[in-house]
Amino acid sequence: MIPTLYYLPLRARAEPIRMVLAYGNIAYDNVLVDFPNWPDMKMDATSCPFGQLPVMKLPTGTNIAQSGAILRYIAKLAGVYPSDPERAAVADMVQELCLDMNPINPILNFFPKGSDQYNSAYDSYFATLGDRLKSLQRSLKSEKFFGGNDIPSHGDFALFHILDSTVTVKPDALNEFATFQTWMENMKSIPQLKKYLEERPGFDPCLLYTSP
C-alpha cells in the first residue's frame, strides 16, 4: 500500500508536497479531482475531513487534510524535516510565511489573466513581495539552504514552489535579489527536483494539469 494524494488539477498547494515526495523517491498515487466531481467530494467528511484539498490518504486508511500538515508528514518520511529543534523551527517559519504568499497560486493557476480579479491580486501580491524577500534574505544569510542545513528542508521546497510560480507570472521578479537567484539554482540542481520539474505533467495556459 502507498499513500494517495488528492488535489484539483492544479500545481498550487499540493506542489511542494509532490516535490518532497519526488525528492524522497516516495511512491504515491496522484489522484486529480476533476472540478465537476469536487462538490460531491467536499461534502464527504470521511474523504475530505475539512472540506478542503489537498488530502492525503495514508496506507492505514487515515485521511490527512491541510497542506502544511501533509507537507511536514511527507518531509519526515523523506528525511528533510530537520531533527534539530532550532533548524526545524526555521524551516517551519519559512513554510508558514509561504502560506501568506499563497495568493500567487490563483494568480498563476486560476484567475483569467487581465481580469479585474487577476489585476487586483497581482498588484497586491507584488506590492509586498520585495519586503518579504528582504526578510527571507536575512534568514537565509549566506547559507545554501534555510536553517544552515546541508540538504533542503520542507521550508525550502515550499518557498521554491512560491518563487517558481512567482517568476512564471513575472520573469524579472527576482532580478534585484541575487541571493534568491542563486538559491533557486541550488534547488534546481538537486537531481530529484530537476527530474521532477522536467517530467511533471504539462499545463494549459492556466497551468491546469493535463495528461502526460
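When the residues of segment 68-87 are filtered to those that are of a type outside the set (Ser, Thr, Tyr) and over 13 Å from residue 16 (Cβ atoms), which remaining residue is least open to solvent (accessible area, probe 1.4 Å)? Before you say what the answer is, go through the steps one by one.
To start, the set of residues in segment 68-87 that are of a type outside the set (Ser, Thr, Tyr) comprises 68-72, 74-80, 82, 84-87.
Next cut, over 13 Å from residue 16 (Cβ atoms) only: 76-77, 79, 82, 84-87.
On the way: 76: 129, 77: 102, 79: 46, 82: 19, 84: 68, 85: 103, 86: 139, 87: 98 Å².
Applying the filter and picking the extreme gives 82.
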Quick one: which residue in 90, 94 is among the aliphatic types (A, V, I, L, M), open to solvent by 20 Å² or more (accessible area, probe 1.4 Å), under 18 Å from residue 159 (Cα atoms) and in contact with a Phe, Trp or Tyr (Cβ under 8 Å, 6 or more places away or on another chain)?
90
Looking at 124, 139 in this structure, which one is touching a residue at least 12 places away in the same chain (Cβ under 8 Å), in a helix (DSSP H, G or I), closer than 25 Å to residue 23 by Cα and not aliphatic (A, V, I, L, M)?
139
Residue 81 - would you say it is within 20 Å of residue 162 (Cα to Cα) and among the aromatic types (Phe, Trp, Tyr)?
yes
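If I filter segment 1-52 down to residues being closer than 22 Å to residue 107 by Cβ and in a loop (DSSP other than H, G, I, E, B), which single residue comes out as most open to solvent (accessible area, probe 1.4 Å)? I'd like the intermediate steps shown before the answer.
Of segment 1-52, the ones closer than 22 Å to residue 107 by Cβ are 7-19, 32-33, 35, 38, 52.
If we keep only those that are in a loop (DSSP other than H, G, I, E, B) as well, we get 8-11, 33, 52.
Numbers: 8: 26, 9: 15, 10: 14, 11: 24, 33: 11, 52: 92 Å².
Once the filter is applied, the top-ranked residue is 52.
Could you say whether any residue in segment 103-120 is of a type in the set (Phe, Trp, Tyr) and in a helix (DSSP H, G or I)? Don't jump to the end; show me each part of the working.
To start, the set of residues in segment 103-120 that are of a type in the set (Phe, Trp, Tyr) comprises 110-111, 118.
Applying the additional criterion that residues be in a helix (DSSP H, G or I) yields 118.
The answer is yes; a qualifying residue exists.
Can you say whether residue 101 is touching a residue at least 12 places away in the same chain (Cβ under 8 Å) and crowded, with 19+ Cβ neighbours inside 10 Å, as far as the supplied structure shows? Can you show your working first?
Numbers: touching a residue at least 12 places away in the same chain (Cβ under 8 Å): yes; crowded, with 19+ Cβ neighbours inside 10 Å: yes.
Yes, satisfied.
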Select from segment 130-144 the residues that are farther than 10 Å from residue 94 by Cβ and open to solvent by less than 10 Å² (accessible area, probe 1.4 Å) and list them in ascending order.
133
Only one of (1) in contact (Cβ under 8 Å) with a residue 60 or more places away in the chain; (2) of a type outside the set (D, E, K, R); (3) farther than 20 Å from residue 15 by Cα is not met by residue 95, so which one is it?
(3)
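Do we have any residue at all in segment 153-168 that's open to solvent by 60 Å² or more (accessible area, probe 1.4 Å) and over 22 Å from residue 11 (Cβ atoms)? Don't jump to the end; show me each part of the working.
To start, the set of residues in segment 153-168 that are open to solvent by 60 Å² or more (accessible area, probe 1.4 Å) comprises 168.
Cutting the leftovers down to over 22 Å from residue 11 (Cβ atoms) gives us none.
Scanning segment 153-168 turns up no residue that is open to solvent by 60 Å² or more (accessible area, probe 1.4 Å) and over 22 Å from residue 11 (Cβ atoms).
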Residues being of a type in the set (Ser, Thr, Tyr) and at pLDDT below 95 - total across segment 103-151
5
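The values are calculated or read from the model by the stated rules, or taken from the named source; none is laboratory data. What you see is a predicted model; the values in this text were computed from it and never measured. All Cβ positions, glycine included, derive from the backbone under ideal geometry; neighbour counts span all protein chains shown. Accessible surface is based on the protein model in full, side chains and every heavy atom, while ligands, DNA and RNA are left aside. Shrake-Rupley method; radii C 1.70, N 1.55, O 1.52, S 1.80 Å.
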